[in-house]
Amino acid sequence: MVSAAQTVLPESEGGAEGQLNASGLVFRPSFELPAMVRDNIEQCLAEGIGKHVAHGGWNDLFWAVHPGGRKILDVVEDRLALAPGKLDASRHVLSEYGNMSGASIIFVLDELRRRGDMPSGGLGVMLGIGPGISIETMLLRVAAA
């Protein structure tokens, strides 16, 4: 890990609700959550990892984004002008397993590894979206093989 930050989005109360039932803990995102992410993602990344990445250099990195939903992945991709395919590992995990809460990001990292999308010494972003609503950003460096 090169750097990390956590940002609680302003006025995000109600962005997602959790309910404990017989199946376990179930989170339901609000319809406003994708817009909250869209409106704050650039600032969160700038605060968390901006000093390590050239302005607009998002496509030089690999991306492990928590697969919280198709719309969330779409707004991250669109807002950051990511090249097609940058979020394929996240989209694959979402389609195969759904949103598994915190464990989802581990599946995304494994999918990136399996695809060979994390080159030795390469830099990438791990992005989580959680209660609060918070956005967790980490800049990762792949260990040498």
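Within region 51-92, can you find the residues that are in contact with an Asp or Glu (Cβ under 6 Å, 6 or more places away or on another chain) and either in a helix (DSSP H, G or I) or modelled with pLDDT under 95 (or both)? Full working, then the answer.
Within region 51-92, the first condition is being in contact with an Asp or Glu (Cβ under 6 Å, 6 or more places away or on another chain), and the residues that meet it are 62, 87, 89, 92.
A89, H92, listed by residue number.
Which numbered condition in (1) surrounded by fewer than 16 Cβ atoms within 10 Å (Cβ to Cβ); (2) outside any loop (DSSP other than H, G, I, E, B); (3) modelled with pLDDT under 95 is the only one that I129 fails?
Unmet for I129, out of (1) surrounded by fewer than 16 Cβ atoms within 10 Å (Cβ to Cβ); (2) outside any loop (DSSP other than H, G, I, E, B); (3) modelled with pLDDT under 95: (1).
Could you check how many residues of region 93-119 are part of a loop (DSSP other than H, G, I, E, B) and of a type in the set (D, E, K, R)?
Within region 93-119, the first condition is being part of a loop (DSSP other than H, G, I, E, B), and the residues that meet it are 98-100, 116-119.
From what is left, the residues that are of a type in the set (D, E, K, R) are 117.
Qualifying residue count, region 93-119: 1.
Which number in (1) more than 24 Å from E13 (Cβ to Cβ); (2) buried (at least 16 other Cβ atoms within 10 Å of the Cβ); (3) in contact with a Pro (Cβ under 9 Å, 6 or more places away or on another chain) marks the one condition that G68 misses?
Checking G68 against (1) more than 24 Å from E13 (Cβ to Cβ); (2) buried (at least 16 other Cβ atoms within 10 Å of the Cβ); (3) in contact with a Pro (Cβ under 9 Å, 6 or more places away or on another chain), the one that fails is (1).
Enumerate the pairs (first residue in region 107-133 and in contact (Cβ under 8 Å) with a residue 60 or more places away in the chain; second residue anywhere and β-branched (V, I, T) and surrounded by fewer than 17 Cβ atoms within 10 Å (Cβ to Cβ)) with beta-carbon separation below 7 Å, excluding pairs fewer than 6 apart on the same chain, so at least 6 apart or on different chains.
G122/V142; G132/V8
Taking the condition of being touching a residue at least 40 places away in the same chain (Cβ under 8 Å) and in a helix (DSSP H, G or I), how many residues in region 1-47 meet it?
Of region 1-47, the ones touching a residue at least 40 places away in the same chain (Cβ under 8 Å) are 1-9, 12, 15-16, 18, 25, 27, 29, 33-38, 40-41, 44-45, 47.
Applying the additional criterion that residues be in a helix (DSSP H, G or I) yields 33-38, 40-41, 44-45, 47.
So the count comes out to 11.
The values are calculated or read from the model by the stated rules, or taken from the named source; none is laboratory data. These numbers come from a predicted model, not from an experiment. Backbone-built Cβ (ideal geometry, glycine too); neighbour counts: all protein chains shown.
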